[in-house]
Every structure is written in C-alpha cells, then in structure tokens.
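> Below are the structure tokens for one structure; questions will follow.
The values are calculated or read from the model by the stated rules, or taken from the named source; none is laboratory data. Everything numeric in this text was worked out from a predicted model, so none of it was measured. Cβ atoms come from the backbone with ideal geometry, glycine included; neighbour counts cover every protein chain shown.
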C-alpha cells in the first residue's frame with residue numbers, strides 16, 4: 001500500500017499507509033516523483049500554533065468569524081498530510097478525462113504522498129510539465145505566484161531602489177523577478193547566511209543580517225541610497241522587526257508590499273518613520289480576488305505568467321529547492337529542515353526514487 005507523510009502531533013511526523021479510493025469520471029491518478037512542502041504557513045500549523053483553529057475567514061462578511069462548535073478545526077493531527085506541490089506521471093484516467101493521457105508528466109497541489117487523485121477536467125492548476133523541465137522548477141509554481149504578486153503590488157519600476165526582507169523561496173524568487181525588471185540598488189535582508197549568499201548570486205547588491213546587533217537595517221538602507229531610502233520593499237518574513245526596519249529604510253512616499261502571512265506582530269512603533277515618511281503599506285496576496293488590477297489581472301493570469309517563467313527557465317529554482325531527501329526519510333527530513341533547523345534549508349525537496357527527467 002502507498003504511504004503519505006502525516007503530522008501526527010505538534011512537531012511530530014511519520015509515514016503512514018493509505019488506500020486510494022476509486023476515481024471519479026473527471027479525475028486522474030498520479031504516481032508522484034517529486035514533492036515539496038511550504039516552510040511558512042505549514043510550519044505554523046506543524047508547531048500547533050495555527051490561530052484559525054477557532055476562527056475561519058467568512059467570504060460573505062470578508063472577516064474572520066468563530067467556527068461552529070462541531071466544525072472541524074483548521075488542522076487535525078493524525079490526519080493532516082503536509083505538502084504543497086508535487087510532480088508525477090499519470091497512471092489512470094477517469095472516463096471523462098480527454099486532455100491528459102497515461103504517462104503524461106503533471107504538476108499540481110497536494111500533500112507529500114506516493115499517489116495523488118486530482119480533478120483533470122476544468123482545472124487550470126493541474127499543469128502538464130514539459131519533458132526536460134526540472135521538478136524543482138515545477139514545485140516552485142506556488143511560491144512564484146506570491147513572489148510575482150508581491151513584486152507587482154510593490155509597483156517597482158526600472159531604476160527604483162528595492163529591498164526584499166525574508167529569503168525563503170518566495171523572497172529568492174522575488175529577488176530574481178526584481179532584478180529582471182532592471183531596478184537600481186537591490187538590498188536583501190535575512191539572518192541565514194546561505195540564503196543571503198544565494199540572493200547575492202541572483203543579483204542583489206547588498207545583503208544584511210538583521211540578527212547582527214551592530215546592524216541597523218533601516219539606516220543601512222538609507223546609506224545604500226545616499227540617505228534617500230528604498231523606493232519599494234517586498235516583505236516576506238512576517239517579523240515585526242522587519243516591518244519596522246522597512247519603514248525606517250523606506251524613501252519618503254515609498255511603498256511596502258507586505259506578502260508575509262504573519263500572525264502576531266510585535267516590535268512595531270508606527271509613530272516613528274511611518275508617519276514622518278508618509279509610508280504606503282499594502283497587503284499583498286496573489287490568491288485574493290478581485291486582484292488589485294482587476295479585470296486585467298486575476299489569480300489565473302498570475303499562475304499562467306509564473307508557469308510560463310518556470311518552464312522557459314527564466315527563474316532559477318535548482319538552488320532554492322535544497323536539500324532534497326528520499327521519501328523514505330521525508331518525515332525525519334520535514335521535522336529537521338522545516339521545523340528544527342530551518343537554517344539548513346531553503347525549500348525542502350522530496351525525491352520518490354522514480355526516474356525524473
């Protein structure tokens with residue numbers, strides 16, 4: 001029987017067997033070759049700190065509301081299958097599926113498990129992966145969307161000075177997108193050395209370590225721009241100290257595109273540079289509809305644009321998806337690289353031992 005990665009308790013994961021159900025007429029069965037989890041929102045869930053166990057977002061009220069007493073919480077340990085993106089081969093087709101064939105290489109959303117059942121009719125999030133496209137590129141499909149949304153919401157233009165806070169997969173993809181625009185000075189901020197070094201290889205001009213007590217990040221942004229400050233910030237870290245530093249280092253009238261899905265923000269003092277510098281703070285979420293640029297842009301257009309960049313090789317994901325562990329030890333790998341020692345990883349990859357072109 002196939003196995004899946006299951007979070008059995010806060011900060012505990014293991015492999016468990018499962019049995020696939022029969023396919024519906026509009027579904028396909030995929031044998032997975034490669035997969036990857038999230039390192040941000042999933043980490044909060046894995047640590048048992050999800051703030052939405054008692055609340056949920058109500059789209060009618062556009063506000064968070066209390067869950068019904070008998071409603072299933074956001075995370076159910078013992079059942080939750082962590083994971084974000086996967087790549088695999090189609091091995092079975094539902095009767096109504098005509099756009100896919102046995103043997104097609106595909107990518108979509110789902111947990112880390114040996115097989116996936118996915119809707120294959122009218123599902124633009126099920127993508128055919130061209131032969132020769134790296135599985136590491138394919139599993140960056142999700143983080144690339146939020147990077148693109150954040151860069152677009154920052155309104156960055158050629159010549160602008162920019163800063164990216166947080167150099168996980170989203171931040172490192174944002175660095176590449178910003179550099180492709182033709183911006184001026186590009187500064188990056190992250191406490192993890194290997195991530196800063198990678199951002200410099202991707203074209204950043206200056207990398208700052210916010211954990212260094214001798215480094216005043218906001219002031220360094222001013223120094224790097226002749227005291228003017230950066231025109232725009234893409235903030236992906238979710239730390240209150242990062243937002244405070246961004247406000248301190250922002251140019252007068254500059255914009256912060258806040259991509260992070262932070263839970264509680266401490267260390268904020270909005271009665272300082274934020275007011276004096278007339279800062280503009282926008283909250284960026286590529287998945288929220290309508291898009292700020294509706295009707296020209298929507299979630300599908302963002303996804304299409306990112307998929308095109310990935311399959312054309314315009315985004316380097318080979319060094320972002322690192323390390324890669326075998327599926328047989330993915331529980332240990334998830335606990336180590338996502339939770340206990342995140343400084344050892346950028347984005348975890350899981351290899352299933354099948355041939356991956």
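> For region 222-239, give me each residue that is surrounded by 21 or more Cβ atoms within 10 Å (Cβ to Cβ), touching a helix residue (DSSP H, G or I) at 6+ places or on another chain (Cβ under 8 Å) and within 18 Å of residue 157 (Cα to Cα).
Within region 222-239, 229, 230, 233, 234, 235 meet the criteria.
> Okay, next question. Would you mind stating whether residue 18 is in the same structural domain as residue 346 (by TED's automatic domain parsing), in contact with a strand residue (DSSP E or B) (Cβ under 8 Å, 6 or more places away or on another chain), surrounded by fewer than 19 Cβ atoms within 10 Å (Cβ to Cβ) and under 25 Å from residue 237 (Cβ atoms)?
It is false that residue 18 is in the same structural domain as residue 346 (by TED's automatic domain parsing), in contact with a strand residue (DSSP E or B) (Cβ under 8 Å, 6 or more places away or on another chain), surrounded by fewer than 19 Cβ atoms within 10 Å (Cβ to Cβ) and under 25 Å from residue 237 (Cβ atoms).
> Pick out the one residue from 147, 180, 242 that is in contact with a helix residue (DSSP H, G or I) (Cβ under 7 Å, 6 or more places away or on another chain) and not in a strand (DSSP E or B).
Criteria check complete, one pass: 147.
> Now for a separate question. Go through region 53-73 and give me each residue that's more than 16 Å from residue 289 (Cα to Cα) and touching a strand residue (DSSP E or B) at 6+ places or on another chain (Cβ under 7 Å).
54, 55, 56, 64, 65, 66, 67
> Do we find that residue 82 is exposed (fewer than 15 other Cβ atoms within 10 Å of the Cβ), in contact (Cβ under 8 Å) with a residue 60 or more places away in the chain, assigned to a loop (DSSP other than H, G, I, E, B) and within 26 Å of the chain's Cα centre (by Cα) in this structure?
no
> Sticking with this structure for a sec: Among the residues of region 343-357, which ones are surrounded by 13 or more Cβ atoms within 10 Å (Cβ to Cβ) and either within 26 Å of residue 90 (Cα to Cα) or within 15 Å of the chain's Cα centre (by Cα) (or both)?
Those that are surrounded by 13 or more Cβ atoms within 10 Å (Cβ to Cβ) and either within 26 Å of residue 90 (Cα to Cα) or within 15 Å of the chain's Cα centre (by Cα) (or both): 345, 346, 347, 348, 349, 350, 351, 352, 354, 356.
> Further, regarding this structure: Return yes or no: is residue 114 more than 17 Å from residue 235 (Cβ to Cβ) and at pLDDT 95 or above?
yes
> Which is assigned to a loop (DSSP other than H, G, I, E, B) and more than 26 Å from residue 59 (Cα to Cα), of 285, 248, 228, 292?
228
> Can you pull out the residues in region 245-261 that are at negative phi, surrounded by fewer than 16 Cβ atoms within 10 Å (Cβ to Cβ) and either out of contact with any helix residue (DSSP H, G or I) (no Cβ under 7 Å at 6 or more places or on another chain) or modelled with pLDDT of 95 or more (or both)?
Within region 245-261, just 252 meets the criteria.
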